[in-house]
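Working notes, beginning with the structure itself.
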Amino acid sequence: MTNISGPIGPNEGCAYYPCHHPGQDCTLCFCPFYPCRDERLGRDVEARNGGLVWSCEDCLWIHRPDVAAAARAHLVGADRPAPSELQQLREAIMAKHPPQASSLMVLGATSGAGKTLLVAALCRILSDLGLRVAPFKSQNMSLNSTVTSRGEEISRAQALQALAARTEAEARMNPVLLKPKKDDVSQVVVLGKPYRDMDVPTYYGEFACGEGPSIVAEAFDHLRRRFDAVVIEGAGSPAEINIADVDLANMMTAEITDSPCILVVNIEWGGAFAYAYGTLMLLPPEQRARFKGIIINNLHGDATCLRPGIEELERLTGVPVLGVLPHVEHALPDEDSQDLASRERGGTVVAVLRLPHISNFTDFDALELEPGISVAYVDDPSGVARADAIIIPGTKNTVADLRWLRERGLADAIRRRRGEVPILGVCGGYQMLGREIADPLGLEGDEPCTWEGLGLLRTATRFDAYDKRTVQVEGVLASGGGAVRGYEIHMGGTVSEEAPLFLLRDDEGVRAEGACDAENMVMGTYVHGLFDLPSFRQHFLSLAKVTERPEGPTDYAGAVEESIAKLAEVVRANIDLAALLDIMGVRQ
Amino acid sequence: MVLGATSGAGKTTIAALLCRHFAFQGRKVAPFKAQNLSLNSFVTASGEEMGISQAYQAWACGAEPHWTMNPILLKPRSEGSMQVVLRGRPLADAGPGRPVDRQAVLAAVREAYAAVAASSEVVILEGAGGAAEINLAERDIANMATAEMADAPVLLVGDIDRGGVFAGLYGTWSLLPPRHRARVRAFLINRFRGDASILGPGIRKLEELTGVPCVGVLPMSRVRLPAEDSLDLGRDRGQVAGGGDMRECWMAALDEVYQMSRAHLDYELVEHIVDGRR
């Protein structure tokens, strides 16, 4: 087998790449086990000459990096093994790297039960055990999205879970993303690309019971054939009995993926036993039978007082409680805007306008890493008047939210602070800061129109096509020095007569991005995540009346990693991990 | 009596709406919450401390707040320890190893309720936290123990904004012992966003399973009321117009919600439940 030169990973120079999927490992371009005749990996197809030929065009197994490395280790330098030896070798590798991943689905008794972080913690725990792990959420409703390295848009929650799993995020991990736009209408993003806008009846009546399930099944199947374990997250509660038959995200996904389920319930609000019992008992028996465990989450205080309740719950449902997790402080981004109001904590106040369609407010989590900084979500002029710095965040609906700013007197309040405090617009907020927003096709509003912006920047925005720019970017502050990294997600484009805010590098070279009126401290950009690295964060806060500067820059990615490790440790220490692995069918 | 499937289900607002409703009918109404866990308190004209939520409900009744409306106030001080305010006066700090005399507490609740009931035509009671904490059932004071003392019918409130409301209501009802379950005379679904017709099949199934009617689905409203606990910081607390008297702002906001609620709640059924007892 002298043709195995070395582990080469994805061979992007190959004319046939990617013959299976982007990111595939090409070390074993031709499978040494062909024809394996393993029905799990391939099938007989009719050959051109009429006979049967073994086809493995759908097999991803040999292109997994772990499998390729294991096979190479045995084959390199060796003489060509006999077919029976090859067969044995394949069986041995397959025992260690099964062609089909184990899976587990985590469902919540409510929204905010802690599913997202529990899935992240489980991804990390399984990864620590040496498994290759992928997260999966069939359908996520969130305005906090991010962009993968391939330019696909997915929910930030799944990207975080991928980080916890130590694997690269991809659109298949969140094949359907719903971004609420206005009353009952969401933009449906399928496999990372905007698909179309749907209202609630259309989504449930056509998509969720039409093409939705097969999109979910195909995405999951791809992951299942490339990883050792897939940890699946549900959405909201599985016992919404008014939509049970079209609830793609919960039991329908459990059935499509044939996964065992665990139920997580947040005890912080009280009623945890009632919600756990009610959730299980409202499911039809065959769905209830999928539940192999319950996890009680977010306990403040001592778990021993729960004992009688836990025993009663186990007796009534027949489902064991696998653990009680304590409340954990962490630096991980939130998914839902429900958590916004709790952020104000005193000190130098960065006021973020709480737009009705606020998006990507996780951008501002990083600001709170700086000592003495608090982020306040404001929706009245007095909040703007008191602020030490003002940010107009991203929005799913620039035009409606601009109208809202005017109606509430916020537009004038912001203008009055020009020159006093830094004013930053991000994405939709950037569009609002300019002179005008033109929508000749009626894409953003309901009909073609041009709106006057806040006029704080000499910029103009146009919505020309139902198309969205989703790209990761890197560069530096245009004012000199300091790296910035982030991503853009927006419809519409903006032309500027101002100096740029950032200089970004991409395939075509260096380009100017954003706008900056340095004299009046007004800035705008499309770059989300712009505060994640310390340079721009500290530059921006230095313009605010920040009295104390931190000793050294805080590393946001480091803080996230630390939080994931901490959460995984807490989960490991407080649940019956052996039972959980047993439920998943993971061999230790 | 208004009980919740969880903390923060909207009991305080719903009870205040019912107070307002009966007060507008010209009846003499008073609020009552046996035990309140809160750091936000109010001081009455006679200098007694009580939970601010019951003061708010008293204003909704057009009444002057009085300690008998909230005879026990628990004020968390630190991990595991809280100050017990009994009959409007600090009694002691309770915590591990320093239990409160349950009989003394229950006596205060009975005494206070008797005083409130004697001077009112209608008393709107409010429970605390989730109504079916099966690990604490024996130590319950504020929920079914009070409902039994007052022989009150129960309205069970669930918050749909968090999801799982049918499971929460069904689970709460199911986990109650039969004699308590029989007190639950209606459900109420609170904080709904969107078109309520989508809930129809779910509500019908819940009614079918329990035999208990749903009095209505109350839409999400940004009603500003005094926050009871830090969990309220995590939710949209609405806004008030600047300037003016805060109490007037609270009542103006409540009236706005009350007017809105008339289209969504079956007040006739509520009246029937309240009066049917007599």
Query raised in the report: Quick one: which of A:Leu424, A:Leu454 is touching a Ser or Thr at 6+ places or on another chain (Cβ under 8 Å), within 19 Å of A:Asp380 (Cα to Cα) and crowded, with 16+ Cβ neighbours inside 10 Å?
Result: A:Leu424
Report summary line: For strands (runs of 3 or more DSSP E) lying entirely in the range B:47-117, having 2 or more residues that are surrounded by 19 or more Cβ atoms within 10 Å (Cβ to Cβ) picks out B:49-51, B:72-78, B:81-86
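State which residue is farthest from the chain's Cα centre (by Cα) when the search covers only the range A:409-443 and only residues that are among the basic types (Lys, Arg) and within 25 Å of A:Ile373 (Cβ to Cβ). Give the steps one after another, and end with the answer.
Taking the range A:409-443 as the starting set, the residues that turn out to be among the basic types (Lys, Arg) are A:415-418, A:435.
From the residues that got through so far, the ones that are within 25 Å of A:Ile373 (Cβ to Cβ) too are A:415-418.
Values: A:Arg415: 35, A:Arg416: 37, A:Arg417: 35, A:Arg418: 35 Å.
The residue in question is A:Arg416.
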Query raised in the report: Filter the range B:51-64 for residues that are within 16 Å of B:Tyr113 (Cβ to Cβ) and at pLDDT 90 or above; which is farthest from the other protein chains (Cβ to nearest Cβ)?
Result: B:Ala63
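Can you tell me which residues in the range A:130-149 are over 27 Å from A:Ser359 (Cα atoms) and at pLDDT 95 or above? Steps first, answer last, please.
Step one: of the range A:130-149, the residues over 27 Å from A:Ser359 (Cα atoms) are A:130-133.
Correct list: A:Val133 only.
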Report summary line: Note on the range A:370-387: residues touching a residue at least 60 places away in the same chain (Cβ under 8 Å) and within 12 Å of chain B (Cβ to nearest Cβ) are none
Query raised in the report: Restricting attention to the range A:195-209, does a residue exist that is within 14 Å of chain B (Cβ to nearest Cβ), in contact (Cβ under 8 Å) with a residue 12 or more places away in the chain, in a strand (DSSP E or B) and of a type in the set (Gly, Ala, Ser)?
Result: no
Requested in this report: Restrict the check to the range B:113-131 and report whether at least one residue is within 10 Å of another protein chain (Cβ to nearest Cβ), modelled with pLDDT under 95 and in contact with a Lys or Arg (Cβ under 8 Å, 6 or more places away or on another chain).
Outcome: yes
Query raised in the report: Hey, among A:Gly108, A:Gly112, which residue is under 30 Å from B:Thr6 (Cβ atoms), at pLDDT below 90 and either touching a Cys at 6+ places or on another chain (Cβ under 9 Å) or buried (at least 19 other Cβ atoms within 10 Å of the Cβ) (or both)?
Result: A:Gly112
Requested in this report: Identify the residue in the range A:267-282 that is within 9 Å of chain B (Cβ to nearest Cβ) and in a loop (DSSP other than H, G, I, E, B) and, among all such residues, is surrounded by the most Cβ atoms within 10 Å (Cβ to Cβ).
Outcome: A:Gly271
Query raised in the report: Looking at (1) within 14 Å of chain B (Cβ to nearest Cβ); (2) in contact with a Gly (Cβ under 9 Å, 6 or more places away or on another chain); (3) over 24 Å from A:His357 (Cβ atoms); (4) not β-branched (Val, Ile, Thr), can you tell me which one A:Ala235 breaks?
Result: (3)
Report summary line: Result of the Cβ filter at 8 Å on the range A:286-308, keeping first residues that are at the interface with chain B (Cβ under 10 Å from one of its Cβ atoms) and on the phi < 0 side of the Ramachandran plot and partners that are charged (D, E, K, R) and crowded, with 18+ Cβ neighbours inside 10 Å, at least 6 apart or interchain, is A:His300/A:Glu268
Report task. Name every residue in the range A:229-243 that is more than 21 Å from the chain's Cα centre (by Cα) and touching a residue at least 12 places away in the same chain (Cβ under 8 Å), in order of residue number. Result -> A:Ala239, A:Ile241, A:Ile243
Query raised in the report: In the range A:250-266, what residues are more than 23 Å from B:Leu175 (Cα to Cα) and within 14 Å of another protein chain (Cβ to nearest Cβ)?
Result: A:Asn250, A:Met251
Report task. Just give me the residues in the range B:186-206 being surrounded by 14 or more Cβ atoms within 10 Å (Cβ to Cβ) and in contact with a strand residue (DSSP E or B) (Cβ under 8 Å, 6 or more places away or on another chain), in sequence order. Result -> B:Ala186, B:Phe187, B:Leu188, B:Ile189, B:Asn190, B:Arg191, B:Phe192, B:Ala196, B:Leu199, B:Ile203, B:Leu206
Query raised in the report: Is the range A:154-166 home to any residue that is away from chain B (no Cβ under 14 Å), in contact (Cβ under 8 Å) with a residue 12 or more places away in the chain and assigned to a loop (DSSP other than H, G, I, E, B)?
Result: yes
Query raised in the report: Across the range A:179-192, which residue is surrounded by the most Cβ atoms within 10 Å (Cβ to Cβ) among those that are away from chain B (no Cβ under 14 Å) and either under 15 Å from A:Phe207 (Cβ atoms) or without any contact (Cβ under 8 Å) to a residue 24 or more places away in the chain (or both)?
Result: A:Val189
Query - From the options A:Ile296, A:Ile256, residue that is modelled with pLDDT of 95 or more and buried (at least 23 other Cβ atoms within 10 Å of the Cβ) - result: A:Ile296
Query raised in the report: Filter the range B:118-140 for residues that are part of a strand (DSSP E or B) and among the hydrophobic types (A, V, I, L, M, F, W, C); which is nearest to A:Gly278 (Cα to Cα)?
Result: B:Ala128
Requested in this report: Mind counting the residues in the range A:484-495 that are touching a Ser or Thr at 6+ places or on another chain (Cβ under 6 Å) and among the hydrophobic types (A, V, I, L, M, F, W, C)?
Outcome: 1
Report task. Starting from residues that are crowded, with 16+ Cβ neighbours inside 10 Å and more than 18 Å from B:Leu155 (Cα to Cα), keep the ones in the range B:241-267 and report whichever is modelled with the lowest pLDDT. Result -> B:Cys249
**Report entry** In the range A:442-468, the residues that are touching an Asp or Glu at 6+ places or on another chain (Cβ under 7 Å), assigned to a loop (DSSP other than H, G, I, E, B) and at pLDDT 90 or above
**Finding:** A:Gly453, A:Leu457, A:Arg458
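The values are calculated or read from the model by the stated rules, or taken from the named source; none is laboratory data. Worth saying up front: this structure is predicted, and the values here are computed from it rather than measured. Every residue, glycine among them, receives a Cβ derived from its backbone with ideal geometry; neighbour counts consider all protein chains shown.
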